[in-house]
Amino acid sequence: MQNPILPFSLRLATQADEPALHALIEASVRVLQRNDYTPEQIDGALGTVLGLDTQLVADKTYFVVEARAACARILVGCGGWSYRKTLFGSDHAPVRENSFLDPATDAAKIRAFFIHPDWARRGLGSQILDACESAARAAGFSRFEMGATLTGVPLYLARGYHILERIEVPLRNGAALPVVRMAKIESTELPK
């Protein structure tokens, strides 16, 4: 039985977290995304389109949420932002653009959000998104862009993002994964 009052903590991911992150991401995708994607799409996307981008960890722009359970801390959520051009995908994604973005003209990339299915619908995604947007703002960005899974679209719409386009990403097994390119612009107007 889960205790709904477990304390959560948010911190930057480290290289030591990477094995746990791979397991968390696979559990998240296989359970939470099964209503939006077929088993063939999930199998083809795991490890390429849907997976860990260790560049985010190295850049110190990837967050994890830990929960205290019994005497241990376990990773229950992750997500990040990037000042690089890659919109989505893991280390093994076929298309990567590691060049730097210009905060004056480009949108920071919101990347790789995954919540463990046992910890879903507790506000962890919103907590991570707040941290990402805040960190990107501190780095000078006022616009945010992402390649969202169909599963994530309702959260991002509720958080002020809008749909730019729908993309079909070809997968290594011949299937294609629908991804939704979304964006958010911070208001620069002062309240009246």
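The values are calculated or read from the model by the stated rules, or taken from the named source; none is laboratory data. No experiment lies behind these values; they were computed from the predicted model shown. So basically every Cβ, Gly included, is an ideal-geometry build from the backbone, and we count neighbours across all protein chains shown. Surface areas here come from the heavy atoms of the whole protein model, side chains and all, with no ligands, DNA or RNA. Shrake-Rupley method; radii C 1.70, N 1.55, O 1.52, S 1.80 Å.
If R₀ is 25 angstrom, what is the calculated FRET efficiency for the pair R137 and D59, using the beta carbon separation as r and rounding to 0.05?
E between R137 and D59, to the nearest 0.05, is 0.95.
Using the alpha-carbon centroid of each, what span in Å lies between segment 54-110 and segment 128-192?
Computed from Cα coordinates, the inter-centre distance equals 13 Å.
Going out from 0 in 10 Å bins, what whole percent of all Cα-Cα distances in segment 77-130 drops into each bin?
In order of increasing distance, the bins hold 23, 42, 28, 7 percent.
How far apart, in nm, are two points set 7 Å out from the Cα along the Cα-to-Cβ line at Q15 and at Q127?
2.8
Assign one of three labels to the chain, namely rounded, prolate or oblate, based on the Cα gyration tensor with a ≥ b ≥ c the square roots of its eigenvalues; rounded applies when a/c is under 1.5, prolate when it is not and a/b is larger than b/c, and oblate otherwise.
Note, shape of the chain comes out rounded.
Amide H of R84: which non-local residues (sequence gap of 5 or more, or other chain) have their own amide H closer than 5 Å, using H built in the peptide plane?
When sequence neighbours closer than 5 places are left aside, the close amide H contacts are L101, K109.
List the residues, sorted by chain then number, that are 5 or more residues from D91 or on another chain and whose placed amide H is less than 5 Å from its amide H.
Amide H to amide H, under 5 Å and 5 or more residues apart or across chains, D91 pairs with L52, D53, T54.
Under a plain spin-label model, where a point goes 7 Å from the Cα along Cα-to-Cβ, how far apart in nm are E97 and A176?
Distance between label points: 2.0 nm.
Assuming R0 = 30 Å, what is the FRET efficiency of T38 and R73, from their Cβ-Cβ distance, to the nearest 0.05?
0.30
So with the 1.4 Å probe, I'd like the accessible area per residue for segment 83-174, rounded to whole Å².
Per residue, segment 83-174 has an accessible area of 50 Å².
For segment 25-178, with all protein chains present and a 1.4 Å probe, just round the carbon and sulfur fraction of the accessible area to a whole percent.
52
Across segment 83-92, in residue order, what do the Karplus-derived ³J(HN,Hα) couplings come to in whole Hz, using 6.51 cos²θ - 1.76 cosθ + 1.60 with θ = phi - 60° and x for Gly and Pro?
9, 10, 6, 4, 7, 7, x, 8, 4, 9
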